[in-house]
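A.B. asks: Can you read through this structure? Questions will come right after.
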Amino acid sequence: MTHPSNNPSSESEAPAAEPAPAQSPEAEANPPAPDQDPHVSGYVLSRWLWTGYLKKHTWALVAAFLLMSLEGSMLGALSWMMKPMFDTVFIEGQTGAIGWVGAAILGIFIVRALASIGQKALLARVSQMNAADLRNDLLTKLMRQDGTFHQTHPPGFLIQRIQADVAAVNGVWSAILTGAGRDLIALVILMGVAITVDWRWTLVALIGAPILVAPSIIVQRFVRARSREARDLGARLAVRLDEIFHGIVPVKLNRLEDYQARQYAQQTDELVRAEIRSTLGTAAIPGMIDIMAGVGFLGVLIFGGAEIISGEKTVGEFMAFFTAIGFAFEPLRRLGSVSGTWQVAAAALERIKELLEIKPTLVSPSNPVAAPAGMPGVSLRDVHLSYGETPVLNGLTLEAKAGQTTAFVGASGAGKSTVFNLLTRLVDPNSGHIEVGGVPVGAMTLEDLRNFFSVVSQDAALFDETLRENILLGRTDVSDARLQEVLDAAHVTDFVQHLPKGLDTEVGPRGSNLSGGQRQRVAIARALLRDTPILLLDEATSALDAKSEAVVQQALDKLAQGRTTLVIAHRLSTVRNADNIVVMDRGRAVDQGSHEELLARGGLYAHLHDLQFRTDGRSADRMALAEARNQTRRRGEVADAEDAGFFRRAFLRLFG
């Protein structure tokens with residue numbers, strides 16, 4: 001028997017999710033929950049984004065920055081050309097200057113166009129690569145988090161972080177670079193042109209600038225708070241949609257369409273209000289700059305108009321200054337809006353940074369031991385586990401012998417699925433010892449430990465891919481002969497020939513194009529392909545009809561051959577042939593033995609058997625009493641035989 005590929009994508013379904021245990025001190029030290037504000041400074045966020053993601057694209061960004069600088073400087077050149085155009089061509093009437101002035105202006109626009117195309121192409125490439133890196137890192141990190149994390153971060157919230165937040169961040173850094181490279185350079189050059197014409201006019205034009213400082217700071221804080229609120233509301237809406245669409249059948253059967261629509265509309269209204277407040281705040285800064293520009297132009301017209309009329313300044317000088325200042329206010333407005341846009345993105349970037357910096361609490365040991373060889377058994381000794389204040393396992397002790405089938409039965413909540421989660425280290429116990437093949441599960445790497453297990457659960461997790469891809473799960477080392485062998489053993493061949501494209505048929509979201517029995521057979525094929533020494537079956541046939549159950553059970557019987565098999569079942573008919581049946585109640589193993597032994601002893605297993613198979617709940621007790629009487633009768637017969645033997649030996653000794 002070989003161990004499966006180490007490729008993470010080759011793993012079959014994980015055991016059923018259980019509530020996560022109380023957080024450890026390490027977990028409590030993780031970044032705050034989604035509704036808390038960590039107050040990360042803009043400098044820290046921008047430095048983190050640069051060092052982690054943008055720095056690798058330095059040369060492309062430098063080239064884009066140079067092109068943006070060239071594009072921005074052309075506005076200064078254009079405004080400077082207003083002076084010869086008006087003074088030399090229009091006022092002095094030098095027709096010979098028309099050619100070189102026109103050519104210079106045409107050249108300015110051509111250079112500006114080419115620089116704009118080049119920098120946008122470079123930024124688009126870097127932007128998309130950066131977004132892809134962020135999303136891939138987020139997904140990789142989130143998939144490696146433990147159950148505690150996923151209990152407090154619903155799927156909709158995580159989808160919002162990966163999709164919407166990355167998009168928000170991706171848009172702002174390119175806007176900032178554009179502002180720094182094009183608009184800032186343009187602003188500096190245009191101010192230089194204006195100062196060259198008349199520095200006093202420039203001071204008058206910018207007279208309102210100092211007044212904007214305090215309002216801008218207030219608006220920036222307002223925008224960041226509102227943007228964070230909008231991000232949280234967007235995540236809540238994503239969670240709501242995820243729950244509605246995944247539970248669409250219960251929604252329809254319980255006629256919850258109107259209720260869910262009202263709930264969604266209410267949350268949407270809250271999001272609309274938050275987005276409007278954020279947009280108003282973002283637009284406030286450019287609006288204040290426009291007011292400042294209007295005041296500045298009025299001052300220049302009053303102050304400079306008199307100098308032009310008196311002949312101290314030429315019309316060309318005024319037009320060069322007017323054009324430079326007019327051009328300058330547009331990049332100034334964009335730079336002002338970048339501040340608000342950054343506050344919007346900072347709220348999203350905080351979320352992304354938080355998620356990427358959360359450390360899993362369940363990790364491989366720093367000095368792992370080698371995985372045991374051969375067919376391993378499983379043992380738990382005095383295991384205790386609590387989820388918060390709720391005890392789940394209370395001193396559980398059991399052993400599953402190598403190569404045998406061990407079944408777990410008991411009422412819901414008895415801790416059966418928790419045993420599977422402990423064996424695969426989806427959770428760690430509060431105390432006790434858990435071993436696989438004589439090696440503590442915490443002493444092996446998570447990869448080595450989970451390579452021991454294949455899982456077939458009642459809810460086979462299929463992906464919206466082809467049937468072939470759902471079975472192979474990324475493995476490329478499987479031959480056609482081996483694949484066909486697995487398909488036959490799992491009874492997938494029985495239905496695949498009826499599919500329109502055979503193995504290349506799309507199974508639909510969560511395998512919706514297949515029946516429940518067909519999905520289970522795909523899960524069994526996965527487990528056969530993994531070929532691991534331990535098999536975990538978690539209610540693998542509970543949701544199937546009798547015909548499908550019979551087919552799936554045959555496949556499971558083949559799968560269990562030559563493996564250590566652990567079975568969770570509520571239907572006792574599926575485990576009556578198990579080598580050992582562990583009866584669990586309130587987190588403890590209260591009895592164990594074969595099916596016949598447990599029935600003969602009476603107790604909880606016999607009671608469960610009565611509930612499922614007998615109309616008279618006292619029959620198991622009568623069976624137990626009958627067995628006790630039979631044992632008494634047998635003991636009496638043995639005693640009588642022993643007495644008869646004693647008298648016979650005495651007679652022979654006395655009388656020969």
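The values are calculated or read from the model by the stated rules, or taken from the named source; none is laboratory data. For clarity, every value in this text was computed on a predicted model and none was experimentally measured. With ideal geometry, Cβ positions are generated from the backbone for all residues, glycine too; neighbour counts draw on all protein chains shown.
A.B. asks: Answer with yes or no whether K353 is touching a residue at least 60 places away in the same chain (Cβ under 8 Å), closer than 30 Å to L158 by Cα, in contact with a helix residue (DSSP H, G or I) (Cβ under 9 Å, 6 or more places away or on another chain) and not in a helix (DSSP H, G or I).
C.D. replies: Details: touching a residue at least 60 places away in the same chain (Cβ under 8 Å): yes; closer than 30 Å to L158 by Cα: yes; in contact with a helix residue (DSSP H, G or I) (Cβ under 9 Å, 6 or more places away or on another chain): yes; not in a helix (DSSP H, G or I): no.
Spelling it out, it is not the case that K353 is touching a residue at least 60 places away in the same chain (Cβ under 8 Å), closer than 30 Å to L158 by Cα, in contact with a helix residue (DSSP H, G or I) (Cβ under 9 Å, 6 or more places away or on another chain) and not in a helix (DSSP H, G or I).
A.B. asks: Quick check on the stretch 228-246. Is at least one of its residues in a helix (DSSP H, G or I), closer than 27 Å to A461 by Cβ and at pLDDT below 75?
C.D. replies: Within the stretch 228-246, one or more residues are in a helix (DSSP H, G or I), closer than 27 Å to A461 by Cβ and at pLDDT below 75.
A.B. asks: Still on this model: Which members of the stretch 575-591 meet the condition of being in contact with a strand residue (DSSP E or B) (Cβ under 7 Å, 6 or more places away or on another chain) and either surrounded by fewer than 16 Cβ atoms within 10 Å (Cβ to Cβ) or over 10 Å from T406 (Cα atoms) (or both)? Even if it seems obvious, please write down each step before you answer.
C.D. replies: Residues of the stretch 575-591 in contact with a strand residue (DSSP E or B) (Cβ under 7 Å, 6 or more places away or on another chain): 575, 578-584, 586-591.
Once the filter is applied, which keeps residues that are in contact with a strand residue (DSSP E or B) (Cβ under 7 Å, 6 or more places away or on another chain) and either surrounded by fewer than 16 Cβ atoms within 10 Å (Cβ to Cβ) or over 10 Å from T406 (Cα atoms) (or both), the stretch 575-591 yields D579, V583, M584, R586, G587, R588, A589, V590, D591.
A.B. asks: With (1) without any contact (Cβ under 8 Å) to a residue 60 or more places away in the chain; (2) surrounded by fewer than 14 Cβ atoms within 10 Å (Cβ to Cβ); (3) assigned by TED's automatic domain parsing to the domain that holds A205; (4) of a type outside the set (K, R) as the list, and T279 as the residue in question, which single condition is left unmet?
C.D. replies: T279 satisfies every listed condition except (2).
A.B. asks: Pick from I308, I325: which is assigned by TED's automatic domain parsing to the domain that holds P84, in a helix (DSSP H, G or I) and surrounded by 21 or more Cβ atoms within 10 Å (Cβ to Cβ)? Outline the logic, then answer.
C.D. replies: Values: I308 fails: surrounded by 21 or more Cβ atoms within 10 Å (Cβ to Cβ).
Step by step, each of I308, I325 is checked, and only I325 is assigned by TED's automatic domain parsing to the domain that holds P84, in a helix (DSSP H, G or I) and surrounded by 21 or more Cβ atoms within 10 Å (Cβ to Cβ).
A.B. asks: I would also like to ask the following. Every residue in the stretch 253-303 that is under 29 Å from F222 (Cβ atoms) and small (G, A, S), please.
C.D. replies: Selection gives A265, A274, S278, G281, A283, A284, G287, A293, G294, G296.
A.B. asks: Here's another thing I want to ask about it. Quick check on the stretch 177-199. Is at least one of its residues polar (S, T, N, Q) and within 38 Å of the chain's Cα centre (by Cα)? Even if it seems obvious, please write down each step before you answer.
C.D. replies: Within the stretch 177-199, the first condition is being polar (S, T, N, Q), and the residues that meet it are 178, 196.
In the following step, the residues that additionally are within 38 Å of the chain's Cα centre (by Cα) were identified as 178.
There is at least one residue in the stretch 177-199 that is polar (S, T, N, Q) and within 38 Å of the chain's Cα centre (by Cα).
A.B. asks: In the stretch 81-104, how many are under 60 Å from the mean Cα position of the chain (by Cα) and surrounded by 15 or more Cβ atoms within 10 Å (Cβ to Cβ)? Walk me through how you get there before you give the answer.
C.D. replies: First, the residues of the stretch 81-104 that are under 60 Å from the mean Cα position of the chain (by Cα): 81-83, 101-104.
Narrowing further to those that are surrounded by 15 or more Cβ atoms within 10 Å (Cβ to Cβ): 81-83, 101, 104.
Matching residues across the stretch 81-104 total 5.
A.B. asks: On to the next question. With (1) at pLDDT 90 or above; (2) of a type outside the set (D, E, K, R); (3) surrounded by fewer than 21 Cβ atoms within 10 Å (Cβ to Cβ); (4) in contact with an Asp or Glu (Cβ under 9 Å, 6 or more places away or on another chain) as the list, and Q458 as the residue in question, which single condition is left unmet?
C.D. replies: Evaluating Q458 over (1) at pLDDT 90 or above; (2) of a type outside the set (D, E, K, R); (3) surrounded by fewer than 21 Cβ atoms within 10 Å (Cβ to Cβ); (4) in contact with an Asp or Glu (Cβ under 9 Å, 6 or more places away or on another chain) leaves (1) as the failure.
A.B. asks: Of the residues that make up the stretch 130-153, is at least one at pLDDT below 85, loosely packed, with under 15 Cβ neighbours inside 10 Å, under 30 Å from S69 (Cα atoms) and assigned by TED's automatic domain parsing to the domain that holds A230?
C.D. replies: No; the residues of the stretch 130-153 include none that is at pLDDT below 85, loosely packed, with under 15 Cβ neighbours inside 10 Å, under 30 Å from S69 (Cα atoms) and assigned by TED's automatic domain parsing to the domain that holds A230.
A.B. asks: Next up: Taking E506, is it touching a Phe, Trp or Tyr at 6+ places or on another chain (Cβ under 9 Å) and either surrounded by fewer than 19 Cβ atoms within 10 Å (Cβ to Cβ) or assigned by TED's automatic domain parsing to the domain that holds A560 (or both)? Show your work before the answer.
C.D. replies: Numbers: touching a Phe, Trp or Tyr at 6+ places or on another chain (Cβ under 9 Å): no; either surrounded by fewer than 19 Cβ atoms within 10 Å (Cβ to Cβ) or assigned by TED's automatic domain parsing to the domain that holds A560 (or both): yes.
No.
A.B. asks: Continuing with this model, one more query. Give me the residue from the stretch 414-451 that is of a type outside the set (A, V, I, L, M, F, W, C) and in a helix (DSSP H, G or I) and, out of that set, farthest from H150 (Cα to Cα).
C.D. replies: The selected residue is D448.
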